[in-house]
1. What order do you get for K171, K154 when you list them from fewest to most C-beta neighbours inside 10 Å?
2. Pairs to check: K96/K156; K156/K182; K109/K171. Give those whose C-alpha atoms are more than 31 Å from each other in this structure.
3. Sorting M32, M66, M202 on the 10 Å Cβ count, fewest up front, what's the list?
4. List T81, T204 from most exposed to least, where exposure is judged by having the fewest other Cβ atoms within 10 Å.
5. In what sequence, highest mean first, do 89-95, 111-117 appear when ranked by Cβ atoms within 10 angstrom?
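Readers should treat all values here as calculations from the given coordinates under stated rules, not as data from a laboratory. The structure presented is a predicted model; accordingly, all values stated were derived computationally and were not measured. Cβ coordinates were reconstructed from backbone atoms using ideal geometry, including for glycine residues, and neighbour counts include every protein chain displayed.
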Amino acid sequence: MNLTKQKLYKLIEQALNEIKDLPYDTTNWGPMAIYHEDGGDSQSFILYHLTNDPRYPFYIVSYLDMEQTEEPCIPNTYQITGTYTEVEARRKGFSKALHNIAFYIADSKGYGLTSDHLAGTTDVANDASWSKYEKSSDYYERETAEGNSEFDYKHKTPDPHDDCETTIGDKDPATDFSFQKKNHGEIGSLFFQLRHQHEENMKTVGSARRSFQDKMTTTAMDRFSEIYGAKL
């Protein structure tokens, strides 16, 4: 059954202010899928379910957005500019899985991954990820050809490739390194399975695919702003 654009917008608008209160109960929902938007120097990922409920067409489980740093920052490096997991879906491993997918995609493009160097990272996010990456043997700090691994914010070294922008405001970057995961295990297979499910879902959406994907992205970005703002 294909949805008209008018009906699709109406259904999704109804969900925008209510979906955050919906319990994470997948009993009658479709399989988990991932919508990946590959913009080259920017990447976004949305883990979600189709709910089979006309009141709430989709449920966004977790969201992550990353974009290339403005300065080299041990080139090339993506910085995670936004990420969250819905409150009802936390402590189930979704955030970790999405970060692992981000590392996998970054590595496939020859990039490392670092924290937000625009607005900074909340203490919660820092404790949950970046401080652990620095201590874990599963990740390594990438280096420039000159052997420098730490970002240089004030041009203290003659190496131009370790130069990196820092945050504006009172929140420092959560890390000063560009990380790469040593072994991706089955993450690649998981990513392709989830992406295939998204393609299957879009067959149901039909000609409204672009509108549906745009609305998911808008909903995820708005929800991130709401959650991030609450942590400041």
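1. Ranking K171, K154 by Cβ neighbours within 10 Å, fewest first, gives K154, K171.
2. K96/K156, as the Cα separations exceed 31 Å there.
3. M202, M32, M66
4. Ranking T81, T204 by Cβ neighbours within 10 Å, fewest first, gives T204, T81.
5. The most tightly packed comes first, giving 111-117, 89-95.
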